[in-house]
Each structure stands twice: as structure tokens, then as C-alpha cells.
Amino acid sequence: MVEPRTPPAGRLWLSRRQLAVWACSIGVGVVFLVVWELASRNGAINAVFYSKPTDIVVRLWQDLLGAQVYGRTIYEQIWITTQSVLIGYVTGGAGGTLVGFAVGRSKWLSRALEPYIFTFYAIPKISVAPLFILVFGIGLESKVAIVAMESFFILFTSTLRGVLDIDEELVQAARLMGASRRTVFGRILVPASLPAIFSGLQLAVPFAVIGAVLGEYIASNRGIGWLVLYSGSSLDATGLFTAVVILVVLTWVLTQVVSRSVAVAAPWLPKDENRPPTE
């Protein structure tokens, strides 16, 4: 008789630990929402400025059922912001990856461009965002440009770090064995820098959403970022928190899409949940 297999002790322990972490996270959230609701109902905090969780849930449900949100459905508002995020993320991420590779592999380019790139990166993005509005107008193009700028620098720094960490002795050994530049690039440089690039792709998602929201703050009459701004200026606390919840969910969904895509494209990369416990 074949005895059933039992999971390794480390794997079982890790699952219990994850379950405890999730239970603790959910518990903290529930306690926070209950305290918020009771404080709003008892007058401990002003519901005009802070709303109530129940009101936010009702408003969110009405929006999801197709109610008009300042002239548009919530799905139209979400798509407007998502469109800016996707286009800017792809274009800025691709540009940052290519420039990071070029700068990382060329000493001349590194010395010539790196000081300017990092100087511009250190400038607060909110201070240059109005310039994009002046150049590209108040339409989609300006939001895409801001998102692309945010994504560019995240992918540039990640790619540059990955390229600079490549073992040059391995590259020189491959060239001594007769490997062409194309072979070195495809078999050594790209695989060795992929972990840093994929890490940058995941890190750039929330910054891309921030860039889109920033652009809608400055000059727009639509989008989730504009909803947050307009609701706040109209003292519509329920609408403001509803828009914030939608932004959080949108960012989480996009992050999960990128993370799952990375897991499919590079299954050999280490995953935190697959690592054995250290204790």
C-alpha cells in the first residue's frame, strides 16, 4: 500500500505563515473600517470631510451599476486613466530599457549622458509636469508624456544597474572563444540583465499611475485623477474616497498583470513564495 505524500515541513510552515499574515492584514482593515464607521456615526469625526465606509460602498456599487459620474460612467473614467498609463508605460519603459543598455555598455555614452539623466531624474516631476501640458496640450498626449517620463527613469536605472552588474570576465571569455557581438548580446547580456529589468517593470507600474493622476490633476476634465481632485474641491468626500479606492484597485490589477507576465516570461527567476524558510 502506497502511503500518501505529505508536504515538506518547510512548505507547510510557510503556508501557515502566509495564512496568518493574511488574517492579520484583513483583521487590521476590518477594525479600521469599523472604527471609522462608528466615529462618523457618533460625530467623533465630521462625516462631511471623512464620509463613512458604508456610504463609500453604496456609491461604489452605484458607479459599478452604470451611474453617471460627472457626465461619464465610471468605466469611461477608468479607461481614460488606464489608456494614459498603458501607452506611457510601454513607450517610456521601452525607451528607458534601450537607453539603459546603451549607457551601461558604452563608457563614452555613460560619461556623456549619465550626469544629465540623473540630474533630470532628481527634479521633482510635479515641477516639470506643467511644461508637458504647455508642449502637448491638455489632451491624452500630455498625460502619456508624464507617464512615459516616470516609466523611463525607473526602467533606465533598473536596466543600467543590471548591465553594470554583469560579469565582464564572462563577456571577455565568450569573445575569446569566438562569440559574435550578437551572440554575446543575446546569450549573456540580455539574460544577465533580465532580473533587474523585470524588477523595474513591476516597480514602474505604481509610478505610471501616479504620473497619469498628476497629469489629470494639472489639466483635465476626465479620468480618475480628475475625479479625486473635483470631488475634493466640491466637498464630496464620498466621491473622493470612492475614486481613491478605484485607483488602488486599478494599480493592484496592473501590478498583478505585469507580475504574472514576468512569471510566465521568466519562470526561472526566484519567487519569494517559493523560497524555504530561513529559520
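Things worth noting here:
- Long-range HN-HN contacts of Ile45 with modeled amide H, under 5 Å: Ser40
- Centre-to-centre, using Cα atoms only, segment 189-260 and segment 35-72 are separated by 21 Å.
- Our estimate of slack between Trp252 and Gln172, defined as 0.36 nm per intervening residue step minus the Cα-Cα distance, is 24.6 nm.
- Here the extension length gained between Ala102 and Leu64 equals 9.1 nm, from 0.36 nm per residue of separation less the Cα-Cα distance.
- Nonlocal amide H pairs with Val69, under 5 Å, H built at 1.01 Å: Ile74
- Cα long-axis angle, helix 140-164 against the chain (0 to 90 degrees, to the nearest 10): 40 degrees
- Of Phe136, Ala112, Val30, farthest towards positive along the dipole that unit charges on Lys, Arg, Asp, Glu beta carbons give segment 1-140: Ala112
- In this label model, Gln18 and Gln83 are separated by 3.8 nm, measuring between points 7 Å along each Cα→Cβ vector.
- Helix 237-265 axis, angle to the chain major axis (alpha carbon atoms, nearest 10°): 20 degrees
- Placing unit charges on each Cβ (+1 for Lys and Arg, -1 for Asp and Glu) gives segment 168-279 a dipole about its Cα centre, and among Val205, Pro267, Thr251 the Cα reaching farthest toward its positive end belongs to Pro267.
- Degrees separating the helix 53-64 axis from the principal Cα axis of the chain, which is the longest one: 70 degrees
- Relative contact order, percent, segment 128-279 [alpha-carbon distance under 8 Å, six or more residues apart]: 25 percent
- Relative contact order (%) - segment 10-82, alpha-carbon pairs under 8 angstrom, separation at least six: 14 percent
- Taking only protein heavy atoms and a 1.4 Å probe, the accessible area of segment 122-190 is 65% carbon and sulfur.
- Accessible surface for segment 1-158, divided over its residues, is 64 Å² per residue with a 1.4 Å probe.
- Measuring gaps between exposed loop sites in the chain (trypsin sites (Lys or Arg not before Pro); DSSP loop; at most 11 other Cβ atoms within 10 Å), the longest gap, sites not included, is 6-270.
- Remark: the chain carries a charge dipole of roughly 540 debye about the Cα centre, counting +1 on each Lys and Arg Cβ and -1 on each Asp and Glu Cβ.
- Efficiency of FRET from Cβ geometry, Arg72 and Ser25, R₀ 45 Å, rounded to 0.05: 0.85
- Report summary: the helix-based calculation at 222 nm, which adds -39500 (n - 2.57) for every DSSP H run with n ≥ 4 and divides by the residues of the chain, gives -26000 deg cm²/dmol.
- Annotation: extensible slack from Arg181 through Ala47 equals 41.7 nm (criterion: 0.36 nm per residue apart, minus Cα-Cα distance).
- Paramagnetic reach from Ala112 in segment 174-192 [backbone N under 20 Å; point 7 Å along Cα→Cβ]: none
- Accessible-area order (highest first, 1.4 angstrom probe) of the listed residues Glu168, Glu141: Glu141, Glu168
The values are calculated or read from the model by the stated rules, or taken from the named source; none is laboratory data. Predicted model only: the values in this text are computed from it and were never measured. Neighbour counts are summed over all protein chains in view; Cβ atoms, including those assigned to glycine, are modelled from backbone coordinates with ideal geometry. Ligands, DNA and RNA are excluded from the accessible area calculation, which covers all protein heavy atoms including side chains. Shrake-Rupley method; radii C 1.70, N 1.55, O 1.52, S 1.80 Å.
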